[in-house]
Amino acid sequence: MDASIAEKLAELIKIYRLKGELVNYDNLKSGNINDTYTVVTDYGGSERQYLIQRINLNVFKKPLDVAANIASVTQHIESKLKEAGVSDLRRRVVKFYKTPDGDYYHYDSDGSCWRVSSFVFNSVTHDSADNTELLCSVGTAFGEFQKFLCDFDASKLFITIPDFHNTEKRVADMISAAKADPFGRLNSVKSEYDYLISESGCAKMFRELNEKGEIPVRVTHNDTKCNNVMFDSATNRHLAVIDLDTVMPGFVAHDFGDAVRFAANPGGEDADDVSEVFLDLGRYAAFAKGYVTQIRGFLTEKELLTLPDGVAVITLELAARFLTDYLSGDVYFKCKKENHNLIRTRAQTALLKDIIAKMPLMRTELNKIIANCANN
Ligand code: GN1
Ligand code: MG
């Protein structure tokens with residue numbers, strides 16, 4: 001145990017008046033923004049588990065707005081689950097604790113911002129999903145999440161990160177960073193940069209469809225990686241969709257696209273060898289089946305048919321974000337290895353190439369899934 005972290009977690013357990021004394025903790029390293037710890041306490045001989053996070057205030061500048069969004073969205077989901085007769089609500093939605101003063105956040109003297117939430121007991125998450133059954137369940141979980149929120153008025157949410165999925169702005173930011181090139185790094189990503197610029201025409205697609213009235217703004221999750229779904233460790237049934245920090249108004253294709261971008265790439269986001277990076281159509285179809293089966297009746301025709309485009313747009317966007325961060329000196333995403341943002345940029349760019357090549361096949365698969373839903 002890192003003594004200073006253990007001490008800090010023990011202190012937070014007291015501040016939030018959680019049950020028991022700290023016996024163990026684990027640092028979950030998969031996130032790129034916040035620091036996340038699972039903690040185990042001993043409460044008179046029985047174990048309790050909690051999740052404690054240090055919030056990255058450089059990214060989440062208004063934590064209170066984030067908390068308000070999460071509270072209203074989870075309340076809405078809870079009411080849907082109750083309507084559906086679900087009883088184990090504590091395992092289906094994550095709850096945030098308040099300090100005795102009624103605050104979600106605790107600020108340290110050094111300015112660190114902490115929060116505490118429940119941990120879904122007997123649950124697991126999967127950082128990658130190579131089995132199609134599991135991927136279909138990830139699709140079901142995110143599809144159900146979307147379905148539950150279809151009647152939630154998106155304008156009631158705070159915009160916690162302005163322009164988060166504004167792909168045009170993300171590309172413009174990349175161009176500005178390339179012009180400034182403060183660390184002389186552009187040369188090493190010039191071919192990726194040129195390729196992203198050549199494909200950047202699709203960045204405006206969803207904004208334009210929305211302006212034409214063909215797709216609505218909905219409440220979206222905006223970070224639909226497969227490890228943001230908790231599963232029952234015994235049955236592997238999906239339980240809760242987590243990491244609701246970026247819940248904001250958005251387009252469904254972004255959520256669909258981000259999930260596929262992450263889960264259907266066998267090489268992963270951090271692949272050093274780009275030959276391992278590609279869009280696995282089997283994984284794509286498995287996720288799409290779970291997702292579409294849940295929300296087919298709730299989406300407009302245009303929303304449904306442009307889901308594959310979301311995969312390309314969001315991959316372009318993340319590639320541009322990684323490239324921008326690399327050029328800017330690694331100021332946004334946590335870097336866990338040398339040249340991490342360069343590696344991430346190359347992997348997302350390679351993935352985008354394969355996604356664009358497979359777009360016709362992705363559309364065909366989607367049409368088959370839609371047709372199957374209609375027959376059942
Ligand atoms: C960040 O920290 P994490 O893994 O939840 C990022 C996402 C990116 C993702 C890439 C607030 O999410 O937008 O898609 O890394 N979150 C934020 O792995 O920028
Ligand atoms: Mg996240």
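The values are calculated or read from the model by the stated rules, or taken from the named source; none is laboratory data. As the structure is a prediction and not an experimental result, all values here were calculated from the model. In this analysis, Cβ positions are derived from the backbone assuming ideal geometry, glycine residues included, and neighbour counts consider all displayed protein chains. We work out accessible area using only protein heavy atoms, side chains counted, and drop any ligands, DNA or RNA first. Shrake-Rupley method; radii C 1.70, N 1.55, O 1.52, S 1.80 Å.
General observations
Table: residues versus (1) open to solvent by 10 Å² or more (accessible area, probe 1.4 Å); (2) of a type in the set (S, T, N, Q); (3) out of contact with any Cys (no Cβ under 8 Å at 6 or more places or on another chain).
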| residue | (1), (2), (3) |
| --- | --- |
| 204 | yes, no, yes |
| 212 | yes, no, yes |
| 224 | no, yes, yes |
| 230 | yes, no, yes |
| 240 | no, no, yes |
| 255 | no, no, yes |
| 259 | no, no, no |
| 266 | yes, no, yes |
| 275 | yes, yes, yes |
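- Exactly one residue among 191, 200 is in the same structural domain as residue 255 (by TED's automatic domain parsing), closer than 29 Å to residue 58 by Cα, surrounded by fewer than 22 Cβ atoms within 10 Å (Cβ to Cβ) and polar (S, T, N, Q), and that residue is 200.
- Residue 25 being in contact (Cβ under 8 Å) with a residue 40 or more places away in the chain, out of contact with any Pro (no Cβ under 9 Å at 6 or more places or on another chain), more than 16 Å from ligand 1 (Cβ to nearest atom) and aromatic (Phe, Trp, Tyr): no
- Which listed residue, of 74, 41, 36, is open to solvent by less than 30 Å² (accessible area, probe 1.4 Å) and within 16 Å of ligand 1 (Cβ to nearest atom): 36
- Enumeration of residues in region 242-253 that are more than 16 Å from ligand 2 (Cβ to nearest atom) and open to solvent by 10 Å² or more (accessible area, probe 1.4 Å): 249, 251
- Just one of the listed residues (239, 281) is touching a residue at least 12 places away in the same chain (Cβ under 8 Å), out of contact with any strand residue (DSSP E or B) (no Cβ under 8 Å at 6 or more places or on another chain) and away from ligand 1 (no atom under 16 Å from the Cβ), and it is 281.
- Residues of region 187-219 that are touching a residue at least 60 places away in the same chain (Cβ under 8 Å) and under 28 Å from residue 327 (Cβ atoms): 188, 189, 192, 193, 195, 196, 199, 200, 202, 203, 205, 206.
- Among the residues of region 108-167, those identified as open to solvent by 60 Å² or more (accessible area, probe 1.4 Å), among the hydrophobic types (A, V, I, L, M, F, W, C) and under 18 Å from the mean Cα position of the chain (by Cα) are 158, 159.
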